[in-house]
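Participant: Structure incoming, see below.
The values are calculated or read from the model by the stated rules, or taken from the named source; none is laboratory data. The shown structure was predicted, so the numbers you read here are calculated from the model rather than taken from an experiment. All Cβ positions, glycine included, derive from the backbone under ideal geometry; neighbour counts span all protein chains shown. Surface accessibility is based on the protein's heavy atoms, side chains included, excluding ligands, DNA and RNA. Shrake-Rupley method; radii C 1.70, N 1.55, O 1.52, S 1.80 Å.
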Amino acid sequence: QVQLIESGGRLVQAGGSLRLSCAASGLTFSRYAMSWFRQVPGLDREFVAAIIRSGDSTFYPDSLKGRFTISRDNAKNTVYLQMNSLIPEDSAVYYCAARMGNWWYTDGRDMEYWGKGTVVTVSS
(Lines give C-alpha, C1' and ligand atoms only; values in the text may rest on other atoms or scores of the structure.)
Protein backbone atom coordinates (compact mmCIF):
# COMPACT_ATOMS: atom_id res chain seq x y z
CA GLN A 1 0.00 0.00 0.00
CA VAL A 2 1.45 3.32 -1.07
CA GLN A 3 1.54 6.04 1.54
CA LEU A 4 2.69 9.62 1.28
CA ILE A 5 2.76 11.40 4.61
CA GLU A 6 3.36 15.13 4.74
CA SER A 7 4.61 16.93 7.81
CA GLY A 8 6.02 20.27 8.86
CA GLY A 9 3.02 22.49 8.37
CA ARG A 10 2.28 24.97 11.13
CA LEU A 11 1.49 28.57 11.89
CA VAL A 12 4.32 30.93 10.96
CA GLN A 13 4.67 34.69 10.75
CA ALA A 14 5.03 36.45 7.43
CA GLY A 15 8.66 36.57 6.38
CA GLY A 16 9.43 33.29 8.07
CA SER A 17 10.45 29.93 6.66
CA LEU A 18 9.18 26.39 6.80
CA ARG A 19 10.40 23.08 5.53
CA LEU A 20 7.79 20.52 4.64
CA SER A 21 8.59 16.85 4.38
CA CYS A 22 6.81 14.03 2.59
CA ALA A 23 7.76 10.50 3.54
CA ALA A 24 6.90 7.81 1.01
CA SER A 25 6.40 4.11 1.56
CA GLY A 26 5.03 1.19 -0.40
CA LEU A 27 6.68 2.23 -3.64
CA THR A 28 10.13 2.30 -5.20
CA PHE A 29 10.67 5.95 -4.47
CA SER A 30 13.56 6.46 -6.86
CA ARG A 31 11.31 5.52 -9.79
CA TYR A 32 8.86 8.30 -9.08
CA ALA A 33 8.89 11.95 -9.93
CA MET A 34 7.47 14.01 -7.10
CA SER A 35 5.49 17.20 -6.97
CA TRP A 36 4.04 19.54 -4.41
CA PHE A 37 0.66 21.19 -4.77
CA ARG A 38 -1.36 23.42 -2.52
CA GLN A 39 -5.01 24.24 -2.12
CA VAL A 40 -7.00 26.85 -0.33
CA PRO A 41 -10.53 25.65 0.49
CA GLY A 42 -12.90 26.76 -2.21
CA LEU A 43 -10.16 27.46 -4.71
CA ASP A 44 -8.44 25.38 -7.38
CA ARG A 45 -5.45 23.27 -6.55
CA GLU A 46 -2.21 25.00 -7.44
CA PHE A 47 1.06 23.50 -8.61
CA VAL A 48 3.98 24.45 -6.38
CA ALA A 49 7.10 22.48 -7.35
CA ALA A 50 8.29 19.36 -9.15
CA ILE A 51 11.42 17.25 -9.08
CA ILE A 52 12.59 14.41 -11.28
CA ARG A 53 13.61 11.00 -9.99
CA SER A 54 17.28 11.75 -9.44
CA GLY A 55 16.65 15.14 -7.92
CA ASP A 56 18.91 16.80 -10.45
CA SER A 57 16.23 18.88 -12.05
CA THR A 58 13.40 20.91 -10.58
CA PHE A 59 10.62 23.12 -11.85
CA TYR A 60 8.53 25.89 -10.30
CA PRO A 61 5.83 28.26 -11.40
CA ASP A 62 7.21 31.73 -12.00
CA SER A 63 5.20 33.08 -9.09
CA LEU A 64 7.10 30.93 -6.58
CA LYS A 65 10.53 30.74 -8.17
CA GLY A 66 13.20 31.98 -5.82
CA ARG A 67 11.21 31.49 -2.62
CA PHE A 68 10.44 27.77 -2.73
CA THR A 69 12.89 24.91 -3.20
CA ILE A 70 12.05 21.26 -3.72
CA SER A 71 14.57 18.54 -2.98
CA ARG A 72 14.59 14.84 -2.31
CA ASP A 73 16.59 12.19 -0.53
CA ASN A 74 16.08 8.87 -2.26
CA ALA A 75 17.90 7.04 0.52
CA LYS A 76 15.26 8.28 2.96
CA ASN A 77 12.30 8.05 0.56
CA THR A 78 11.52 11.65 1.33
CA VAL A 79 10.83 14.80 -0.64
CA TYR A 80 11.10 18.25 0.89
CA LEU A 81 9.76 21.70 0.23
CA GLN A 82 11.73 24.59 1.66
CA MET A 83 9.64 27.74 1.77
CA ASN A 84 11.21 31.09 2.51
CA SER A 85 9.93 34.65 2.79
CA LEU A 86 6.45 33.36 3.42
CA ILE A 87 3.47 35.61 2.83
CA PRO A 88 -0.13 35.19 3.97
CA GLU A 89 -1.09 34.16 0.44
CA ASP A 90 1.01 31.03 0.92
CA SER A 91 -1.47 29.78 3.51
CA ALA A 92 -2.97 26.54 2.22
CA VAL A 93 -3.02 22.80 2.60
CA TYR A 94 0.14 21.47 0.99
CA TYR A 95 0.11 18.07 -0.68
CA CYS A 96 2.86 15.93 -2.08
CA ALA A 97 2.14 13.64 -4.99
CA ALA A 98 3.97 10.94 -6.90
CA ARG A 99 3.99 9.67 -10.45
CA MET A 100 6.16 7.02 -11.97
CA GLY A 101 8.25 8.69 -14.61
CA ASN A 102 11.03 11.18 -15.01
CA TRP A 103 9.57 14.57 -15.80
CA TRP A 104 8.20 17.62 -14.07
CA TYR A 105 4.56 16.85 -13.45
CA THR A 106 2.64 20.04 -12.93
CA ASP A 107 -0.94 18.89 -13.45
CA GLY A 108 -2.54 17.18 -10.51
CA ARG A 109 -4.55 14.98 -12.85
CA ASP A 110 -1.32 13.30 -13.92
CA MET A 111 -0.34 12.20 -10.43
CA GLU A 112 -0.83 8.63 -9.25
CA TYR A 113 -0.55 8.96 -5.49
CA TRP A 114 -1.34 11.71 -3.04
CA GLY A 115 -0.72 12.45 0.58
CA LYS A 116 -3.39 13.81 2.87
CA GLY A 117 -1.78 17.18 3.23
CA THR A 118 -0.27 19.41 5.86
CA VAL A 119 -1.62 22.81 6.81
CA VAL A 120 0.47 25.93 6.45
CA THR A 121 -0.83 29.16 7.92
CA VAL A 122 1.08 32.38 7.47
CA SER A 123 0.03 35.24 9.71
CA SER A 124 0.51 38.86 8.75
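Participant: Placing +1 on the Cβ of each Lys and Arg and -1 on the Cβ of each Asp and Glu in the chain, which of 108, 16, 124 has its Cα farthest towards the positive end of the resulting dipole?
Facilitator: 16
Participant: Could you give me the radius of gyration and the Dmax of segment 15-100, taking only the C-alpha atoms into account and expressing both in angstrom?
Facilitator: Spelled out, the Cα radius of gyration and Dmax of segment 15-100 are 12.7, 37 Å.
Participant: Counting only protein heavy atoms and using a 1.4 Å probe, what share of the accessible area of the chain belongs to carbon plus sulfur, as a whole percent?
Facilitator: Using a 1.4 Å probe with all protein chains present, the chain comes out at 46 percent carbon and sulfur.
Participant: Moving on. With an 8 Å Cα cut-off and a minimum separation of 6 or more residues, compute the relative contact order for the chain in percent.
Facilitator: On the way: 328 pairs, mean separation 45.0, N = 124.
Once divided by the residue count of the chain, the mean separation gives 36 percent.
Participant: May I ask you to give the solvent-accessible area per residue for the chain, in square angstrom, as obtained with a 1.4 angstrom probe? Could you put the intermediate results ahead of the total?
Facilitator: On the way: 6430 Å² over 124 residues.
I get 52 Å² per residue for this part.
Participant: For a quick size check, give me the Cα extents of segment 72-124 along its three principal axes, largest first, whole Å.
Facilitator: Its Cα atoms span 39, 27, 19 Å along the three principal axes.
Participant: Tell me which chymotrypsin sites (Phe, Trp or Tyr not before Pro) from segment 55-124 have a DSSP coil assignment and no more than 14 other beta carbons within 10 Å of their own.
Facilitator: Working: sites: 59, 68, 80, 94, 95, 103, 104, 105, 113, 114; in loops: 103, 104, 105.
Here the sparse-neighbourhood loop sites are 103.
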